[in-house]
Amino acid sequence: MKKLLIASVLGGLMSSAALADSYIFTSYLNPTNPLHAAGVEATVQKINREAAGAFSIELFSSGSLVPATTTLQGLGDEVAQFGLVVPAYTASELPLTNTINDLVFASGDALVSALAWTELGLTNARLAEEWNKRGTIFLGGYSTPLYQLICGPVVKSLADVKGKKIRTVGAAQTAWIASLGGVPVSVPSPDIYTGLERGSLDCTMSDATALDKGNRLWEIAKGVTTVEAGVIIGATFVANQRFWSELPPAERRLMLDNFAEGIARTQAQYAMESAAALQGSQERGLDVGPAAEDLAQSLKEFQSAHSASLAASAMKERGIADPSDVIADYFRLEEKWREIFAGVDREDLTAVTRAVRENLYDGLDENSFGL
């Protein structure tokens, strides 16, 4: 089956990095997506420049090589050597990772979440083992901007939410909307626009970049309620584990340094584009503003209760051993990065990159990390 998968996707292309100094990076995102453009493409281009012909990375975008739902499997099978993985699409394969995804529903700071999650993925033995079981190694992550409520009709209060069909991402968002009397709906991102247009959706939980990028939801939505319902985390940089172990240490160092910068660049771009999308939506006449007090309070109460009960619910629903130690590790790292960024100009990419390298990636030994 694996041989057929590789043959059908690559045809005559050689997929093993051991046979050529040309590596493959697969991304399901389209080139205009900020995570792809700032995180993946810019990083690949910079690595290629610095490699100076010693090796090169070829980038496949828009799911042209491997779709989002099977990227983890494709990396484990070495259809590609590198790839961007959305853990929510492989919940059964990455249950502990998805528990952290549930945890960041309570996040109020995307940059801090991105680095706390990245450090957790790089240093926590239980998470590393989860990725290794799939033949992969986690090398760096991202956080979306804070999620908002983007709707066809204007939705501000608890009463407005009741009965509304709302597209959600992940278990936490789904549970919150259901607790309010809304109807959670699982819809792939490309189908949100038509769902809002045809009335099969009333709203979507999405970050603000969905307004003017990709789906361009500001063409069909009438309101954006800035509920700031946490973030979604993912893995920007994942490698095939065997491939990574066989790279020369100098190549691993070059990549780790650039992954650090790629994370900083992604979060800076996300923040800039999110702010621009909200401002642009307001200028286009959309109703952009905070939730009514009852809806905002319900979110705070749900987030608090959700965090407190997450370990027990993850054990029951995801079938994992008690994740309390991993959850505590995440909160410790969140506090660490909050303190670090309190003294950093977040609009200065060089300063943010320096903070990420000095406080995380410089401590990864290219001679032993991931081996």
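The values are calculated or read from the model by the stated rules, or taken from the named source; none is laboratory data. What you see is a predicted model; the values in this text were computed from it and never measured. Neighbour counts are summed over all protein chains in view; Cβ atoms, including those assigned to glycine, are modelled from backbone coordinates with ideal geometry.
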Looking only at the stretch 116-141, how many residues end up being in a helix (DSSP H, G or I), surrounded by fewer than 24 Cβ atoms within 10 Å (Cβ to Cβ) and polar (S, T, N, Q)? 2
I'd like the full set of residues that are outside any strand (DSSP E or B) and surrounded by fewer than 18 Cβ atoms within 10 Å (Cβ to Cβ), limited to the stretch 56-69. Ser62, Gly63, Ser64, Pro67, Thr69
If you go through the stretch 263-293, how many residues are farther than 22 Å from Asp345 by Cβ and surrounded by 15 or more Cβ atoms within 10 Å (Cβ to Cβ)? 8
For the stretch 296-306, indicate whether the set of residues that are over 20 Å from Asp109 (Cβ atoms), within 21 Å of the chain's Cα centre (by Cα) and surrounded by fewer than 19 Cβ atoms within 10 Å (Cβ to Cβ) is non-empty. no
For the stretch 85-103, name all the residues that are among the hydrophobic types (A, V, I, L, M, F, W, C) and surrounded by 24 or more Cβ atoms within 10 Å (Cβ to Cβ). Val85, Leu94, Ile100, Leu103
Residues (among the acidic types (Asp, Glu), surrounded by fewer than 19 Cβ atoms within 10 Å (Cβ to Cβ) and in contact with a helix residue (DSSP H, G or I) (Cβ under 6 Å, 6 or more places away or on another chain)) located in the stretch 332-365: Asp345
Could you look through the stretch 176-206, keep only residues that are touching a residue at least 12 places away in the same chain (Cβ under 8 Å) and of a type in the set (Asp, Glu), and pick out the one that is surrounded by the most Cβ atoms within 10 Å (Cβ to Cβ)? Asp202
Matching residues in the stretch 332-371 (free of Cβ contacts under 8 Å to residues at least 12 places away in the same chain and closer than 29 Å to Gln269 by Cα) number 15
Scan the stretch 87-111 and report the pairs whose first residue is under 17 Å from Thr136 (Cβ atoms) and whose second residue is among the charged types (D, E, K, R) and not in a helix (DSSP H, G or I), with Cβ atoms within less than 9 Å and a gap of 6+ or a chain change. Pro87/Glu93; Thr90/Arg134; Glu93/Lys133; Glu93/Arg134; Leu94/Arg134
Residue under evaluation Gln173, criteria (1) at pLDDT below 95; (2) buried (at least 19 other Cβ atoms within 10 Å of the Cβ); (3) over 27 Å from Leu111 (Cα atoms), criterion not met: (3)
Can you name every residue in the stretch 208-219 that is modelled with pLDDT of 95 or more and either over 16 Å from Tyr147 (Cα atoms) or of a type in the set (Asp, Glu) (or both)? Glu219
Which members of the stretch 222-249 meet the condition of being crowded, with 19+ Cβ neighbours inside 10 Å and farther than 30 Å from Asp294 by Cα? Gly234, Ala235, Thr236, Phe237, Val238, Ala239, Asn240, Gln241, Phe243, Trp244, Leu247
